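The values are calculated or read from the model by the stated rules, or taken from the named source; none is laboratory data. Bear in mind that the values here come from a model prediction, so they are computed numbers and not experimental data. Ideal geometry is used to build each Cβ from the backbone, glycine not excepted, and the neighbour counts take in all protein chains shown.
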Amino acid sequence: MARMIQNIPLFKTARHMKLLALAAVACCAVQSGAAQETPLLSGGVGFYTSTTGGQTRYLPLIEPLLAAPLGNHLLVESRAVLSETVSPSHQGYDHSYFAGLTYLQGDYIASPHLTVVAGSFLLPFATYNERLSPIWISNFQDPPLSANLGLLNSGTGLGGEVRGSAISRAKYSIDYVGWFSARSANQQFFATRGSGGRVSLYLPEKRLEVGFSYDRSLQGKEENFVGTHVWWEPKNTAFRLRSEYENSPHVQGYWVEADYRTQSFGGLDSWIGRFEPVLRFQQTFRHDTTVSDGLPLANTQHTDFGLNYNLPHNTRIVTSYERQFSSAGNENIWETGIIYRFLFPAWKGKSSH
């Protein structure tokens, strides 16, 4: 499973994973002690299997997310990852453990049009990193191949953001985000020096969003990254279309994903309405092979088919088959998983009088 967790250090024992999780929650709890609203603990628990070229891996993981408001204008939020990878080997099974924070940031809501963010944050390039990477949201186990582009190797920045709604009208709205990241070699909060931004236009009547992203790496060899995205969710349907295009000095790529649930046989909560077929098509094209950018060094094409089932109580079963076409070799990839989404107050909030 190739999720964007490059900034997460490796721990050798499961005990370290538990201690880190407790420490993260305790740290945020201290910061939120004077909160006027109830902090929420959310996230997902999943168990995945992946078979590539006859080799199978097992991946249990937990992604907890804490959102702790501090009054009416401040919010502390963080997401962590705790995972284990188990692979059969000639000696039995190989194990590896991962634990760490995906991000940890503070948000100051200055006005309806401006929010100031400081700390370790997800880089807002295109849409996948911020919106679709959590396990309880994504339709496939693996992110698109080109989703790594524009994320400056880590997927997170260490610095600040300004973001909000520049214009909000009945027929359209324009959102923006601008960010700057400092360089950090810290194992937990690794980041590359860079800057960038994103602008999105949303048309409520059409339920259509289009956006443009730009990032610039300011560390080592300075490079530019550009991206566009299109999301469409027609009214009165359970159809969704999501797509992105990313371009860098060394490689470019795109992906298009569509999913659908029928309402014709008793609605979305009927046994038929809970089925969700998913299709994703993606390609990458090399400009050169001097730098991989985390992408294949040969032109690659993926066609991914998925069939998910939405069980009651925020539980999903996800299955997919991927066929990779590449000059480096063709492969079949089979993946299955089950994910449970949880949401509850971190502790009892203060009663208002």
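Working only within region 207-258, note down all residues that are closer than 28 Å to Ser270 by Cβ, in contact with a strand residue (DSSP E or B) (Cβ under 9 Å, 6 or more places away or on another chain), not acidic (Asp, Glu) and not in a strand (DSSP E or B).
Arg207, Pro234, Thr237, Ala238
Which one of these is in contact (Cβ under 8 Å) with a residue 40 or more places away in the chain, more than 21 Å from Ile338 (Cβ to Cβ) and either crowded, with 19+ Cβ neighbours inside 10 Å or in contact with a strand residue (DSSP E or B) (Cβ under 6 Å, 6 or more places away or on another chain) (or both): Val45, Val76, Val81? Break it down stepwise before answering.
On the way: Val45 fails: more than 21 Å from Ile338 (Cβ to Cβ); Val81 fails: more than 21 Å from Ile338 (Cβ to Cβ).
Sole residue among the options that is in contact (Cβ under 8 Å) with a residue 40 or more places away in the chain, more than 21 Å from Ile338 (Cβ to Cβ) and either crowded, with 19+ Cβ neighbours inside 10 Å or in contact with a strand residue (DSSP E or B) (Cβ under 6 Å, 6 or more places away or on another chain) (or both): Val76.
Any idea which of Ser146, Ser120, Ser154 is among the polar types (S, T, N, Q), assigned to a loop (DSSP other than H, G, I, E, B) and either closer than 29 Å to Asn314 by Cα or within 19 Å of the chain's Cα centre (by Cα) (or both)? Don't jump to the end; show me each part of the working.
Working: Ser146 fails: assigned to a loop (DSSP other than H, G, I, E, B); Ser120 fails: assigned to a loop (DSSP other than H, G, I, E, B).
Going through Ser146, Ser120, Ser154 in turn, the sole match is Ser154.
Could you pull out the residue among Ala170, Ala166 that is loosely packed, with under 15 Cβ neighbours inside 10 Å, in a strand (DSSP E or B) and among the small types (Gly, Ala, Ser)? Outline the logic, then answer.
Details: Ala170 fails: in a strand (DSSP E or B).
After ruling out the rest, the residue left standing is Ala166.
Evaluate the following for Pro249: is it touching a Leu at 6+ places or on another chain (Cβ under 9 Å) and either in contact (Cβ under 8 Å) with a residue 24 or more places away in the chain or not aliphatic (A, V, I, L, M) (or both)?
For Pro249, the condition - touching a Leu at 6+ places or on another chain (Cβ under 9 Å) and either in contact (Cβ under 8 Å) with a residue 24 or more places away in the chain or not aliphatic (A, V, I, L, M) (or both) - is not met.
To keep it simple, each residue is scored yes or no on (1) over 20 Å from Phe140 (Cβ atoms); (2) in contact with a helix residue (DSSP H, G or I) (Cβ under 8 Å, 6 or more places away or on another chain).
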{"residue": "Gly227", "(1), (2)": "no, no"}
{"residue": "Ser248", "(1), (2)": "yes, no"}
{"residue": "Ala258", "(1), (2)": "no, no"}
{"residue": "His302", "(1), (2)": "no, yes"}
{"residue": "Asn308", "(1), (2)": "no, no"}
{"residue": "Leu311", "(1), (2)": "no, no"}
{"residue": "Arg316", "(1), (2)": "no, no"}
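Need the failing condition index for Ile339 against (1) part of a strand (DSSP E or B); (2) at pLDDT 95 or above; (3) more than 29 Å from Leu145 (Cβ to Cβ), just the number.
Ile339 satisfies all of (1) part of a strand (DSSP E or B); (2) at pLDDT 95 or above; (3) more than 29 Å from Leu145 (Cβ to Cβ) except (3).
With respect to Ser217, determine if the residue is within 16 Å of Thr127 (Cα to Cα) and either surrounded by 19 or more Cβ atoms within 10 Å (Cβ to Cβ) or among the acidic types (Asp, Glu) (or both).
no
Specify which of the listed residues (Ala67, Ala126, Ala110) is part of a loop (DSSP other than H, G, I, E, B), small (Gly, Ala, Ser) and touching a residue at least 24 places away in the same chain (Cβ under 8 Å). Steps first, please.
Working: Ala67 fails: part of a loop (DSSP other than H, G, I, E, B); Ala110 fails: part of a loop (DSSP other than H, G, I, E, B).
Residue meeting the stated conditions: Ala126.
Please enumerate the residues belonging to region 107-133 that are crowded, with 19+ Cβ neighbours inside 10 Å and out of contact with any Leu (no Cβ under 7 Å at 6 or more places or on another chain).
Within region 107-133, the subset crowded, with 19+ Cβ neighbours inside 10 Å is 107, 117, 119-129, 133.
If the condition is that a residue be crowded, with 19+ Cβ neighbours inside 10 Å and out of contact with any Leu (no Cβ under 7 Å at 6 or more places or on another chain), then Val117, Phe121, Leu122, Pro124, Ala126, Thr127, Tyr128, Ser133 are the ones that fit.
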